[in-house]
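Asks: Quick one: the structure is below, questions incoming.
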Amino acid sequence: MKTSWRSASMVVGAAAILALTTACGQGSGASSVGSQNVGATAPAGGYGSVGAGTGASASPSNGYGADGQQGSATQTSPAGQLNVASNAELGKVLTDSAGLTLYRFDEDTAQPPKSNCEGACAKAWPPVPANDASAGAGIDKSLLGEVTRADGTKQLTIGGWPAYRYAKDTKAGDIAGQGVGGKWFALAPTGKKATLASLPGLSVRKDPKLGDIVVDKNGMTVYRFIKDQAWPKVISNCTGSCLQKWPAVAPVDPNDTKGIAKKGLMGFTRPDGVKQMTVDCWPAYTFSGDTKPGDTNGQGVGGTWYVMAPSGKPIGAPKK
């Protein structure tokens, strides 16, 4: 059967549209270009501003991240036998004999060991006493040491780094101090910062309130901007100062993802030259107001920013 030129063109055109829809289309949700709503930046205090979950950080009264709390008897007691705990967000984490997470402070030094956390800081972050500390399974005992603090007490060091507990950690497994102020981090058994390097480029985390959400290789929550566009062309409407508050997620190999929908899973180059990852062709971002894995402070900010689901949809966004 003969096919006219006009009929053939229509067939080709329809196939092209279908292919584009499969690669970068979405049935609904493409928004027109509008004014940006960049939300609020969550400033981090010198010793820890703990986000309030609204997109803006609530500065604690003393600026140390623990609202003036004194360390409990458990937090100021000897560490006993140190252990290695497996944390879903941080990997291998060093704990004391009670299972409380041990931390290190970026303003300290390891060579030579020196603590720069005194006064109110030491109340929020009780130094771990050096006496009675011993190495459990998976810990090199040669890494354990001590440093004399300004008040004359001996503080435990791991790989030279002074070790602390956090006043807001109340039970074994808590990691409320992770990333506080951008200077406090859970200790790995080596004395280094506990790392999320083993996570895929993008993966799924179960959030107690939002369900399955997308996280990046560092475990940080990934967001969608509802003023962006996915079809017929990927467009990010977050530029300039917006991009500073909502950093673009760098492209990752689709094979370096776990639990994420493969449709429209690709990178693209923005007009400003920044390369950005997309899920279902929607540009992906993190939030500068999230200071540690598990934070979702960007959820609902400005009524335009929402946590991204593994399908690429914005969780909790109003239906149009």
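Asks: Quick one: which of K192/K262; K141/K168; K168/K313; K217/K319; K209/K245; K183/K258 span more than 25 angstrom between C-alpha atoms?
Replies: K192/K262; K141/K168; K168/K313; K217/K319; K183/K258
Asks: For the ranges 294-306, 114-126, 74-86, what's the packing order if you count other beta-carbon atoms within 10 Å of each residue, average per peptide, and put the highest first?
Replies: 294-306, 114-126, 74-86
Asks: Sticking with this one: If you wrap a convex hull around the Cα atoms of the range 217-320, how much volume per residue is inside, in Å³?
Replies: 100
Asks: A further question follows. Hey, how much of the P(r) for the range 155-206 falls beyond 18 Å, as a percent of Cα pairs?
Replies: In whole percent, the share of Cα-Cα pairs in the range 155-206 beyond 18 Å is 44.
Asks: Using a 1.4 Å probe on the protein chains only, how many percent of the accessible area of the range 86-162 belongs to carbon and sulfur?
Replies: Using a 1.4 Å probe with all protein chains present, the range 86-162 comes out at 51 percent carbon and sulfur.
Asks: For the range 88-138, what is the Kirkwood hydrodynamic radius in Å, using each pair of distinct C-alpha atoms?
Replies: That comes to 13.0 Å for the range 88-138.
Asks: Turning to a different aspect of this structure: If you scale each eigenvalue of the Cα gyration tensor by 5 and take the root, what three semi-axes come out for the range 157-244, rounded to whole angstrom and sorted largest first?
Replies: Square roots of five times the eigenvalues give 34, 16, 14 Å.
Asks: Amide H neighbours of D108 under 5 Å, at least 5 residues apart or on other chains, H built in the peptide plane: list them.
Replies: Counting only residues 5 or more places away or on other chains, the set is N116.
Asks: What length, rounded to one decimal in nm, is gained on full extension from T148 through to D132, with 0.36 nm per residue of separation minus their alpha-carbon distance?
Replies: 4.2 nm
Asks: Just the projected area, averaged over all directions, of the convex hull on the alpha carbon atoms of the range 111-193: how many nm²?
Replies: The orientation-averaged projected area of the Cα hull of the range 111-193 comes to 5.7 nm².
Asks: Still on this model: Using 0.36 nm times the number of residues separating A250 and D272, minus their current alpha carbon distance, what extension gain do you get?
Replies: Additional length available on full extension: 6.5 nm.
Asks: On to the next question. Could you order the peptides 148-161, 89-102 from most to least packed, using the average number of other C-beta atoms within 10 Å per residue?
Replies: 89-102, 148-161
Asks: While we're looking at this one, here's another question. Which order do the peptides 286-293, 226-233 come out in when sorted by mean C-beta neighbours inside 10 angstrom, highest first?
Replies: The most tightly packed comes first, giving 286-293, 226-233.
Asks: Please give the net charge around A194, taking every other residue with its beta carbon less than 12 angstrom from that of A194, where Lys and Arg add +1 and Asp and Glu add -1.
Replies: Result for the neighbourhood of A194: +4.
The values are calculated or read from the model by the stated rules, or taken from the named source; none is laboratory data. Because the structure is predicted, anything quoted here is derived from the model rather than measured. Every residue, glycine among them, receives a Cβ derived from its backbone with ideal geometry; neighbour counts consider all protein chains shown. Only protein heavy atoms, including side chains, enter the accessible area calculation; ligands, DNA and RNA are left aside. Shrake-Rupley method; radii C 1.70, N 1.55, O 1.52, S 1.80 Å.
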